[in-house]
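Below is one structure, written out as structure tokens; comments come after it.
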Amino acid sequence: MAFFAISVAMLGMTVGAVWVYLHRDQLESISLPITLTNFALATAIAMPASIMVQFCLVTSVSLCLTTVISWSLLLVVMAIPYVFSGIVVSLALTRSPFPTGQVYGVDLMGAALGCLAVVFILNILDGPTAVIVMGAVCGLSALAFASSASTEDQERLNSYPWWRRPAPMTAALFGFAALNSLMPIGVRPILVKNGLEYTGLKTYEKWNSYSRIFATYPAMSFPSFWGRSPMVPIQTRVLQSELNIDGTAGTTMFKYDGTPDSVSFLQYDLVGLAYRLPGIRKAAIVGVGGGRDIMTAHLFGVPDITGVELNPIFINLHTKVPFYKNFSNLTAIPNLKLHVDDARSWFASTDQKFDLVQMSMIDTWAATGAGAFSLSENGLYTLEGWRAFLRPINDDGIFTVSRWYSSDDVNETGRMIGLATAALLDSGVKDVRPHLFIASNGQIATLVLSKKPFSPEQLQILNDTVHNLGFSVLLAPGQPPQSPQLRAITESQSRDTLNHAVEGSYLDLSVSTDNRPFFFNQLRFSRIPAEVRRSLSRTSAGVVHGNLIASGVLVLILFISVVAVIATVLIPLRSAARECSFPLAVTGSLYFSFIGMGFMLAEIALLQRFSVYLGHPIYSLSICLFSLILASGLGSLSSDRLKLDARSKLLVWAGVVVIYLVTMEQILPTIFQHTTGQDRIVRIGISIAAIMPLGFLLGFAFPTGMRLVNAIDPRPTPWFWGINGATGVLASVLGVMFSMALGINVTMLLAATCYFLLIPISFTLLKLGQKAPVHAVPVGSH
């Protein structure tokens, strides 16, 4: 639920602005450079302090009041640095001698650059150290503010103890960051996704902008299998190292000494079932990880193997880190080619042809700031994604996918079957049943999809292998699944009949698409109350239990956000709202609610849409926010010259915003379809070109609203600023919910609706302003 950080940042900045308003009289009597220096330094210290306290909090989910309290504490701890920075920005905007537009523009430039810088910083430093460095950067801002002080004020600052002076504290923070990056026992998380983490000195840890990879020291033990055959010799022991991804997901690296015997146990794993088929001369692996699937292909004699891995840390382990390079020994495999790239984009652009493409258990369960359930692997499990994987497979080739399976429920396997059915129907197949073979063992099911109907020889090999290794056949040509619903799915002859077949399930088994790429979220919102009652009566597990926890956290975050907004923004600013007339209070509140809601809904929709297109949510987060913030700043600066001070201008502006949002939603899928195979730098350029005009247009909304309100009565402007921030906080949560339940396109259209409703509201504000007396209060006073 890392998207929570966006809400907290907005809330903290808004609370900081509220604090400035409530203490405006006291602040007037204090030197501005000293105040800015003090709060910038407080921001610098609060950043590393906040992350350290966060590591000490337990934020697991259970049906008790303690959960609410722990998550509320997390919100407070996360928000404190943003409150201090909000104070700095508010004071700089309202009290500095420079033009408001200039100060606001510089601030947004820094924010936009920060969106890009985070990608580079996390590729160099670990997460905790990166936060400490950010604190030190804030210390540099405190130094800059201090240098602008008068001689008298500088003498006063120099009289402070060292921990209140910018220079020594900034140096101390940079030193702390350097020390923490070098020490294996520095600031580190203790509890990772509800599990205690035990780290030793003989382990490997590496962070990047994608994830944190943790490798254990190799140990001799029974080999780790996905779908272990009961026929594997019980005395089998191998050297293996566990590679952990962000605390929960994992893969295994095995010792390979160059002989088939050292990895012969892999023949007993269900995920390698398709390699038993004849004629496989060239194979491609989606997700190299620890190298298991590459070793399996090599074990079965595939002479030409290609591996595509999104995370460069894994490729570096196999090719550059001496110990693990020699341990996995992948580089000893002849004709092996490794590519660091988003698999979907790579397969969409390659001109190679393969006999088999394998994608086994590719998931990290790692959400990012791009939104709840915006996992790095979402784009791999959509209809559009499977089109890309099927395209380079030979006409008689194989696509094999392994996912989690439950004998008591259809869950992920059912959705995988639906996706396979849709992909085959999309390719022109009329009857998918002769093309599908699925076997299971324990908690794993492996799909073997043939672009041509399976031949009798192929079916014989698959059935014999399943029987000899003790697996079970879930469905095969001539052997329909026992589940009536799965039978109806595989018998579907069109997307309409397929959609009808999945409607009756209490789980969401609909075909995941780029519009709703949440393959792993299968619990319908309407089913949450029933599942809560069932979980209270008995212990539950599996995908439903995981989805229930995630959905519960989403609802919990919404509840905490509402309470926090009311307590820290609306109640403290209620006096400002009382100072104005009722028509202004209502109309102004609606205006700033809609621009706060509309901007954030558009932002969430774009983050989720572009996370699939760019290959990883971190690129979506950095590129989308960079483009939106930078362009919004330019739009805000331009609003001083291109004033929307007439009904015709307001109508044209709002109309263009609505048309642009609707048009983006209509044409982005087509653009993505034709450019997914381009290099990432090209896709980033396309993304910036699509988002910048929208950000420029949206940048007019806030200063225009303030100008309209100031023309009527400047006294309630803090209230409207608070309303804008409050609705933005809530919309960041609601936007995620709308996308999950209804689709990203609906979230975008709701954003367009918000801006459409601004037309009559802005007309009313303009009319009220024409009747009101003139107030000599600058726009920057907000």
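The values are calculated or read from the model by the stated rules, or taken from the named source; none is laboratory data. In this text the structure is predicted, and so the values were computed from the model without any measurement. Please note: Cβ atoms are built from the backbone with ideal geometry, for glycine as well, and neighbour counts cover all protein chains shown. What goes into the accessible areas is simple: the full protein's heavy atoms, side chains included, and nothing from ligands, DNA or RNA. Shrake-Rupley method; radii C 1.70, N 1.55, O 1.52, S 1.80 Å.
Key figures
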{"quantity": "Hits in segment 657-679 (condition: surrounded by 15 or more Cβ atoms within 10 Å (Cβ to Cβ) and closer than 21 Å to ILE629 by Cα)", "calculated": "VAL657, VAL658, TYR660, LEU661, VAL662, MET664, GLU665, LEU668"}
{"quantity": "Checklist (1) part of a strand (DSSP E or B); (2) closer than 21 Å to MET361 by Cα applied to GLU205, failing item", "calculated": "(2)"}
{"quantity": "Filtered residues of segment 225-237 (kept if hydroxyl-bearing (Ser, Thr, Tyr) and buried (at least 18 other Cβ atoms within 10 Å of the Cβ))", "calculated": "SER229"}
{"quantity": "Long-range neighbours under 8 Å by Cβ, at least six apart or interchain, first residue at positive phi and in contact (Cβ under 8 Å) with a residue 40 or more places away in the chain within segment 230-255, second aliphatic (A, V, I, L, M) and surrounded by 14 or more Cβ atoms within 10 Å (Cβ to Cβ)", "calculated": "ASP246/VAL192; ASP246/ALA366; GLY247/VAL192"}
{"quantity": "Residues located in segment 739-749, provided they are hydrophobic (A, V, I, L, M, F, W, C), surrounded by fewer than 24 Cβ atoms within 10 Å (Cβ to Cβ) and farther than 16 Å from ALA550 by Cβ", "calculated": "LEU742, VAL746, LEU749"}
{"quantity": "Segment 693-711, residues that are open to solvent by 10 Å² or more (accessible area, probe 1.4 Å) and either within 21 Å of the chain's Cα centre (by Cα) or among the basic types (Lys, Arg) (or both)", "calculated": "ARG707"}
{"quantity": "Conditions (1) surrounded by fewer than 23 Cβ atoms within 10 Å (Cβ to Cβ); (2) more than 29 Å from the chain's Cα centre (by Cα); number of the one not met by TYR591", "calculated": "(1)"}
{"quantity": "Hits in segment 51-70 - residues which are assigned to a helix (DSSP H, G or I), surrounded by fewer than 21 Cβ atoms within 10 Å (Cβ to Cβ) and within 22 Å of the chain's Cα centre (by Cα)", "calculated": "GLN54, PHE55"}
{"quantity": "Exclusive hit being in contact with a helix residue (DSSP H, G or I) (Cβ under 7 Å, 6 or more places away or on another chain) and modelled with pLDDT of 90 or more, set ALA44, ALA17, ALA92, ALA49", "calculated": "ALA44"}
{"quantity": "Residue count for segment 272-291, restricted to those that are at pLDDT 95 or above and either among the aliphatic types (A, V, I, L, M) or within 17 Å of LEU243 (Cβ to Cβ) (or both)", "calculated": "7"}
{"quantity": "Residues satisfying the stated conditions in segment 258-288, i.e. within 28 Å of ARG212 (Cα to Cα), assigned to a loop (DSSP other than H, G, I, E, B) and touching a residue at least 60 places away in the same chain (Cβ under 8 Å)", "calculated": "GLY287"}
{"quantity": "Residue check for ILE691: under 28 Å from VAL103 (Cα atoms), assigned to a helix (DSSP H, G or I) and among the β-branched types (Val, Ile, Thr)", "calculated": "yes"}
{"quantity": "Criterion violated by ILE489 - all others in (1) open to solvent by less than 40 Å² (accessible area, probe 1.4 Å); (2) of a type in the set (Val, Ile, Thr); (3) closer than 22 Å to GLY397 by Cα satisfied", "calculated": "(3)"}
{"quantity": "Only listed residue being crowded, with 18+ Cβ neighbours inside 10 Å and out of contact with any helix residue (DSSP H, G or I) (no Cβ under 9 Å at 6 or more places or on another chain), chosen from ASN244, ASN208, ASN194", "calculated": "ASN244"}
{"quantity": "Some residue of segment 643-652 being open to solvent by less than 20 Å² (accessible area, probe 1.4 Å), at negative phi and at pLDDT 90 or above", "calculated": "yes"}
{"quantity": "Residue pairs meeting the criteria (Cβ under 6 Å; at least 6 apart or on separate chains; first closer than 30 Å to SER611 by Cβ and among the aliphatic types (A, V, I, L, M), in segment 486-513; second at pLDDT below 90 and assigned to a loop (DSSP other than H, G, I, E, B))", "calculated": "VAL502/LEU509; VAL502/SER510; LEU507/GLN522"}
{"quantity": "Helices (runs of 4 or more DSSP H) wholly inside segment 107-193 containing at least 2 residues that are modelled with pLDDT under 90", "calculated": "151-158, 166-182"}
{"quantity": "Leading residue by the ranking (farthest from SER141 (Cα to Cα)) among those in segment 16-48 that are part of a helix (DSSP H, G or I) and free of Cβ contacts under 8 Å to residues at least 24 places away in the same chain", "calculated": "ASP25"}
{"quantity": "Residue within segment 754-769 that is under 20 Å from the mean Cα position of the chain (by Cα) and in contact (Cβ under 8 Å) with a residue 40 or more places away in the chain present", "calculated": "no"}
{"quantity": "Subset of segment 565-585 [open to solvent by less than 70 Å² (accessible area, probe 1.4 Å) and free of Cβ contacts under 8 Å to residues at least 40 places away in the same chain]", "calculated": "ALA567, SER575"}
{"quantity": "Inter-residue pairs, beta-carbon under 8 Å, first in contact (Cβ under 8 Å) with a residue 60 or more places away in the chain and in segment 450-471, second of a type in the set (Lys, Arg), 6+ apart", "calculated": "ILE461/ARG276; LEU462/ARG276; THR465/ARG276"}
{"quantity": "Criterion (under 27 Å from the mean Cα position of the chain (by Cα) and farther than 25 Å from MET78 by Cα) met by exactly one of ALA149, ALA219, ALA215", "calculated": "ALA215"}
{"quantity": "All positions within segment 416-434 that are under 19 Å from GLN479 (Cα atoms), open to solvent by less than 10 Å² (accessible area, probe 1.4 Å) and in a helix (DSSP H, G or I)", "calculated": "MET416, ILE417, GLY418, ALA420, THR421, LEU424"}
{"quantity": "Meets criteria (farther than 19 Å from PRO617 by Cα, open to solvent by 60 Å² or more (accessible area, probe 1.4 Å) and of a type in the set (Val, Ile, Thr)) for ILE723", "calculated": "no"}
{"quantity": "Criterion: at negative phi and crowded, with 17+ Cβ neighbours inside 10 Å - qualifying residue of ASN441, ASN463, ASN468", "calculated": "ASN441"}
{"quantity": "Identity of the residue in segment 71-98, aromatic (Phe, Trp, Tyr) and open to solvent by 40 Å² or more (accessible area, probe 1.4 Å), that ends up farthest from ILE190 (Cα to Cα)", "calculated": "PHE98"}
{"quantity": "Strands (runs of 3 or more DSSP E) fully within segment 305-400 counting 3 or more residues that are crowded, with 23+ Cβ neighbours inside 10 Å and at pLDDT 85 or above", "calculated": "354-360"}
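Yes or no, residue by residue, for (1) surrounded by 14 or more Cβ atoms within 10 Å (Cβ to Cβ); (2) over 15 Å from PRO33 (Cβ atoms); (3) acidic (Asp, Glu):
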residue: GLY139; (1), (2), (3): yes, yes, no
residue: LEU143; (1), (2), (3): yes, no, no
residue: TRP162; (1), (2), (3): no, yes, no
residue: PRO166; (1), (2), (3): yes, no, no
